[in-house]
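What follows is one structure encoded as structure tokens, with my remarks underneath.
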Amino acid sequence: MNDIRRTILWVIFGFSMVLLWDKWQVHNGQKATFFPTPAAVTAPADAASAAAASGTASVPTASGSTAASPAQVPGGAAAAPAHELVTVRTDVMEVAFDTQGGSMSKAVFPRFKSMDGSNKPFVLLDESRERVYLAQTGLVGGDFPNHKTPLTLVPGERTLQDGQNELVVRFESPEVGGLKLVKSYTFTRGSYAIKVQHEVFNKSGAPVAPQLYMQLVRDGNPPPGESSFYSTFTGPAIYTDAKKYQKIDFKSIENNKVDVEKSASNGYVAMVQHYFASAWLLADGLKRELFTRKVDTNLYAVGMITPLDSIAPGASKLVESRLFVGPQEEKMLESLAPGLELVKDYGWLTILAKPLYWLLTLLY
């Protein structure tokens, strides 16, 4: 009996090694040796594609109530104003911003190959007929600048030059509801974590207390090139000190059966995808309301809303955060925020994968 158990354990161990080797190959830009990936998945549902084409991917329209809630985040199918894409290049990534809202609408990683077998650079964030995956921010609590407001790009460099360590890209909104919003994205050489500053100026004659939302919007399709033999988790995640790492599948959002912590003063929100992830990181101590929502057909969001307190007439308020968009490199994730390394989900292979990953990293 012991011999049979020992044999079964060795078979499981050997099979696990095969799976891990395949994942290690893909992680380093090579094709899987044993279980090659199938052709790319089909495009999102028509409604999501239409939303992507018109630039309206967002959370449902504001309810009109004065209390802040996820439903207040602007949305709907209104015609999008004229806008353009602004391309920014660093040594590790190429991103595109939409001047409508200053949202990040594309992220390309030249060091990594696409998993669909095309040998093209890997694309994570995207807004096209094939994929909807965006990072959006704005203000709620009134008729204030949001991710549907046309912004102006402040003139400056769009490429991180040789010998340059940082690159700042800044967008400014017009005055809306008495407030002006300035968004600044600071890219650092060798980093996938982007420093994001939201500065709110009160141009009105009365105190105003807006709230800032940060969200990640994605269609519910599996990532292109995902193996048909094994799959990993794709979808939103929320982390807080109290409840730790909480995964939310798209089906639960669709059926309104999400049970996660709704408010906290720490933690992050993320969108997880095989080998890659995105996350909004806010400093501990700042209050935040955490949410997941269905945006449209086959389109979902995870995000947080943080109050800015009252801003006096003529005064301003600055909120600093970070937007991580990149590969699930464990040590890098650990250095950015507590628990962020948990987006690297090994599933049932965790007990074998973590020590083996440590060994492979050491050897590599």
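Quick one: how many residues across region 123-147 are farther than 29 Å from Pro210 by Cα, surrounded by 23 or more Cβ atoms within 10 Å (Cβ to Cβ) and out of contact with any Phe, Trp or Tyr (no Cβ under 7 Å at 6 or more places or on another chain)?
1
Just to be sure before I move on: is Gln211 open to solvent by 20 Å² or more (accessible area, probe 1.4 Å), over 30 Å from Leu160 (Cα atoms) and not aromatic (Phe, Trp, Tyr) in the structure I sent?
In short, yes.
Scan region 230-260 residue by residue and report those that are part of a helix (DSSP H, G or I) and among the hydroxyl-bearing types (Ser, Thr, Tyr).
Listed by number, the list holds a single entry, Ser252.
Given the conditions (1) at pLDDT 95 or above; (2) within 21 Å of Leu299 (Cβ to Cβ); (3) of a type outside the set (D, E, K, R); (4) open to solvent by 10 Å² or more (accessible area, probe 1.4 Å), and given that Val258 satisfies all but one, which numbered condition is not satisfied?
Result: Val258 fails condition (1) only.
Restricting the first residue to region 268-289 and requiring it to be under 11 Å from Thr306 (Cβ atoms), which pairs with a second residue that is assigned to a loop (DSSP other than H, G, I, E, B) and modelled with pLDDT under 95 meet a Cβ separation below 7 Å and a spacing of at least six or different chains?
Sorted first by the residue in region 268-289, then by its partner, the pairs are Glu289/Ala68; Glu289/Lys262.
Can you confirm whether region 211-223 contains a residue that is in contact (Cβ under 8 Å) with a residue 12 or more places away in the chain, more than 30 Å from Val154 (Cα to Cα) and in a strand (DSSP E or B)?
Within region 211-223 (the criterion being in contact (Cβ under 8 Å) with a residue 12 or more places away in the chain, more than 30 Å from Val154 (Cα to Cα) and in a strand (DSSP E or B)), the answer is yes, since at least one residue qualifies.
Do we have Thr232 as touching a strand residue (DSSP E or B) at 6+ places or on another chain (Cβ under 7 Å) and crowded, with 17+ Cβ neighbours inside 10 Å here?
Judged against the criteria, Thr232 is not a match.
Looking at Asp249, Asp241, can you tell me which residue is open to solvent by 10 Å² or more (accessible area, probe 1.4 Å), closer than 21 Å to Met115 by Cβ and not aromatic (Phe, Trp, Tyr)?
From the options Asp249, Asp241, the qualifying one is Asp249.
Find the strands (runs of 3 or more DSSP E) located wholly in region 261-349 whose residues include 1 or more that are under 29 Å from Ala209 (Cα atoms) and open to solvent by 30 Å² or more (accessible area, probe 1.4 Å), and list them.
288-296, 299-307, 316-327
The values are calculated or read from the model by the stated rules, or taken from the named source; none is laboratory data. No experiment lies behind these values; they were computed from the predicted model shown. Neighbour counts are summed over all protein chains in view; Cβ atoms, including those assigned to glycine, are modelled from backbone coordinates with ideal geometry. Accessible surface areas use protein heavy atoms only, side chains included; no ligands, DNA or RNA. Shrake-Rupley method; radii C 1.70, N 1.55, O 1.52, S 1.80 Å.
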